[in-house]
Structure formats: C-alpha cells, structure tokens
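Nothing in this text is a laboratory measurement; each read-out follows from the coordinates by a stated rule. As the structure is a prediction and not an experimental result, all values here were calculated from the model. Don't worry about glycine lacking a Cβ; one is built from the backbone with ideal geometry, like all the others, and counts go over all protein chains shown.
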Amino acid sequence: MCNGRGKPGRLLLWQGCLAKGQLIRSAWCMPTNILRKRGSKISAKDAPAKASGDAGRLPVRTVAITIGGHTFSATLLDTPIAGRIWAALPLYSSAETWGQAIHFEVPVESGRERGATLKAERGTLYFWSDEHRVILAFGATPLARDGEMRLPVPCNAWAATETDLSILAAVTPGAKVSVVRR
C-alpha cells in the first residue's frame, strides 16, 4: 500500500500513501492518518456475520444480579459502559446503601458518557464513573427532591430490569453482590 522510506532507528514517514483510492504523492503522512481519513465506521462487509437477521444489532445480553440473597435479571443497554461491564463479568463485590439506593464497587473504568443523567428512572441500573461503582436507585436518595430518585453525580445507564427493585430495601451494608452472565 505505502512505500516506507527512512533509516533504521528513526521514525518512518510514509510517502505515496493510498487514501480513498488515490495516491498522495506530495504529502508525507503517517499510517495513523490513513486510519483517521477512513473513519471509524465499519461497513457491513467488514462486520462479522451475525446469526440473527438483524444486521447491526447486538444480541440481547442478560445478566443475573444477586444482592443479599435477592436475585433478578437485567438486560444490558447498547452503551459503551455496558460493553465494558459485560467484558469484565463475572463481578463480585459488597453492597453499600445510600438512602433507597444500593451501590457497589466494580473493577471497570470509564468516563462519563454524553447520555449521563442525574435523575434515575425506575428499573435502570447506572454506572457511577467517578467512583467505579454500579448504583441501583429504587426510591428517594439523600439528594432527592419531591419524590424523584436523584443520583450523586450524573451517571451512565448500562442496564434495565423489569424487577421491582424495592425488594432491595432489606439489604444491609456488606451484603454480598454478584453479577454474572445469563
């Protein structure tokens, strides 16, 4: 593709790189510049074949979460943090309480996503990126106003469940937590 010219032990600059089907002769470019010009989109022919007929959709990923003897299932959302948590499974931790919310530490690092929210919705599980924690709100938290469920900081949604999480009201700090693939 490219004709590399340089001396051993030096950074190679590439002349005559192929970009979008045309040869660039006058500009010196690095191989990473070619990748930047290509973009990050993967065409259908580059993507691996999927078993289901839904092209471009991830298969449904479900986890089983056990907190203090209460087990429920959750379906992962199509978000970057959901993919990171899925890759890190199985997870084991101990629960901590914060008003009517349970949170626990996980060995996953991620920044705050654009869709991060301060107000929790029933049945949604969040990732608290500043503290590397999963947080499940099921009622009023210490920061809540007028019956809302407010998170400590904007958090990334990563999963949803149909289970009424108010069953977690009986969980005490230190209860064992496990999150495993289903």
Against the definition (surrounded by fewer than 12 Cβ atoms within 10 Å (Cβ to Cβ) and over 18 Å from I85 (Cβ atoms)), how does T141 come out, yes or no?
no
Residues in the range 144-165 that are surrounded by 20 or more Cβ atoms within 10 Å (Cβ to Cβ) and in contact with a helix residue (DSSP H, G or I) (Cβ under 9 Å, 6 or more places away or on another chain) total 3
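Does the range 148-176 hold any residues that are part of a strand (DSSP E or B) and more than 17 Å from E131 (Cα to Cα), and which are they?
Restricting attention to the range 148-176, the residues satisfying the condition of being part of a strand (DSSP E or B) are 150-160, 176.
Selection gives A159, A160, K176.
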Give me the residue from the range 100-121 that is crowded, with 17+ Cβ neighbours inside 10 Å and over 24 Å from T66 (Cα atoms) and, out of that set, farthest from the chain's Cα centre (by Cα).
A116
Of all residues making up the range 55-79, the number that are exposed (fewer than 14 other Cβ atoms within 10 Å of the Cβ) and either within 13 Å of the chain's Cα centre (by Cα) or closer than 19 Å to C155 by Cβ (or both)
1
Could you please tell me which pairs satisfy a Cβ distance under 6 Å, a separation of 6+ or placement on different chains, a first residue in the range 82-106 that is on the phi > 0 side of the Ramachandran plot, and a second residue that is of a type in the set (V, I, T) and not in a helix (DSSP H, G or I)?
G99/T141
